[in-house]
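Chemist: The following block contains the structure, expressed as structure tokens.
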Amino acid sequence: MLPLTLIATGASAGVGLWLSVSKSSIAVEWALHRVASTAIVLPLYFDVFGAVFRITVTLITSAIILFSKDYMSQEKHFIRFHLLVISFVASMLLLIFSPNLISLLLG
């Protein structure tokens, strides 16, 4: 688990560095589902300020995963704890990426 969180932290830092050097932002629309002429779209917005928050979230998550590896390794629900932490982090990252109120409420 630890290498995955470190890779996520490094990727967040790399994207943040690239956005700060290029002084730009990226807007992405991801089509989740299409029916006829109607589409459910999830917009995502990447900028420098969001990169700072992404790095913070992934660093804290890395510390939690690293600490819990030794502290909770003998617990019965060790895997459940990690799945809950990962799902919480995914919702936090969705909250950071979302540019509008509807996707904020979904995150």
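Chemist: Take Leu32 and tell me if it is touching a residue at least 40 places away in the same chain (Cβ under 8 Å) and either of a type in the set (A, V, I, L, M, F, W, C) or under 21 Å from Met92 (Cβ atoms) (or both).
Modeler: The answer is no for Leu32.
Chemist: List the pairs whose first member sits in the range 81-102 and is within 18 Å of Phe46 (Cβ to Cβ) and in contact (Cβ under 8 Å) with a residue 40 or more places away in the chain, whose second member is assigned to a helix (DSSP H, G or I) and of a type outside the set (Lys, Arg), and whose Cβ atoms are under 6 Å apart, counting only residues at least 6 apart or on separate chains?
Modeler: Ile96/Gly50; Ile96/Phe53; Ser98/Leu104
Chemist: In the range 58-80, which residues are surrounded by 15 or more Cβ atoms within 10 Å (Cβ to Cβ) and more than 28 Å from Ala31 (Cβ to Cβ)? Walk me through how you get there before you give the answer.
Modeler: Going residue by residue through the range 58-80, those that are surrounded by 15 or more Cβ atoms within 10 Å (Cβ to Cβ) are 58-59, 61-62, 64-65, 68.
Residues satisfying the conditions are Leu59, Thr61, Ser62, Ile64, Ile65, Ser68.
Chemist: Are any of the residues in the range 72-92 outside any loop (DSSP other than H, G, I, E, B), hydroxyl-bearing (Ser, Thr, Tyr) and at pLDDT 85 or above?
Modeler: yes
Chemist: OK, next. Pull up the range 81-92, narrow it to residues that are surrounded by fewer than 13 Cβ atoms within 10 Å (Cβ to Cβ) and within 20 Å of Ala11 (Cβ to Cβ), then point me to the one that is nearest to the chain's Cα centre (by Cα).
Modeler: Across the range 81-92, the extreme among qualifying residues is Ala90.
Chemist: How many of the residues making up the range 34-52 are within 14 Å of Asn100 (Cα to Cα) and either touching an Asp or Glu at 6+ places or on another chain (Cβ under 6 Å) or exposed (fewer than 10 other Cβ atoms within 10 Å of the Cβ) (or both)?
Modeler: Within the range 34-52, residues that are within 14 Å of Asn100 (Cα to Cα) and either touching an Asp or Glu at 6+ places or on another chain (Cβ under 6 Å) or exposed (fewer than 10 other Cβ atoms within 10 Å of the Cβ) (or both) number 2.
The values are calculated or read from the model by the stated rules, or taken from the named source; none is laboratory data. The structure displayed is predicted, hence computed values, not measured ones. Please note: Cβ atoms are built from the backbone with ideal geometry, for glycine as well, and neighbour counts cover all protein chains shown.
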